[in-house]
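Contents: one structure, followed by commentary.
FYI, it's all coordinate maths here, none of it is from the lab. Source: prediction; values computed, not measured. We place every Cβ from the backbone using ideal geometry, glycine too, and count neighbours over all the protein chains shown.
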Amino acid sequence: MSFALSVDHAVYSSVQSQDTSAIQSATKSKDNPLKSSSGKHYDFASIELLIEQEVGRIVLTQVYENIGINITISPLPGKRAQYVANTGMKDGEIMRIWTYGDENPNTIRVPTPYYYLETMPFVL
């Protein structure tokens, strides 16, 4: 007998509230105020040792680069990544599920999915 269950997740980022207006204006304006002349740099956390987080680090770095924003993403243990994002030690955390934004009021969900993950366990 086989059993399979599929759970779909859209992956989102959370950023500190003071950073959202700059990101929103950069993504809406053709005249990007955050191009390299501004020197603004964002430092995000991710969860270490998860392959989907590594893929997200590549994808999100390129997405931000395409709109002229420089970012670094530091892999950390899960609880530490959450801590540094919530305390403002980092500008935010990447690749968290939708409920993360509800559970962490110090961060603001960026509601644009940039990665899709489908989890599927199998039992024989």
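Annotation: the residues ARG80, ARG57, sorted from fewest to most other C-beta atoms within 10 Å of their own C-beta, follow the order ARG80, ARG57. Karplus-derived 3J(HN,Hα) values for the range 65-77, using 6.51 cos²θ - 1.76 cosθ + 1.60 with θ = phi - 60°, are 4, 5, 9, x, 10, 8, 9, 10, 10, 9, x, 9, x Hz; glycine and proline are entered as x. The 3J(HN,Hα) values that the Karplus relation (6.51, -1.76, 1.60; θ = phi - 60°) gives for the range 100-110 are, in residue order, 4, x, 6, 7, 10, x, 7, 10, 10, 5, 9 Hz. Gly and Pro appear as x.
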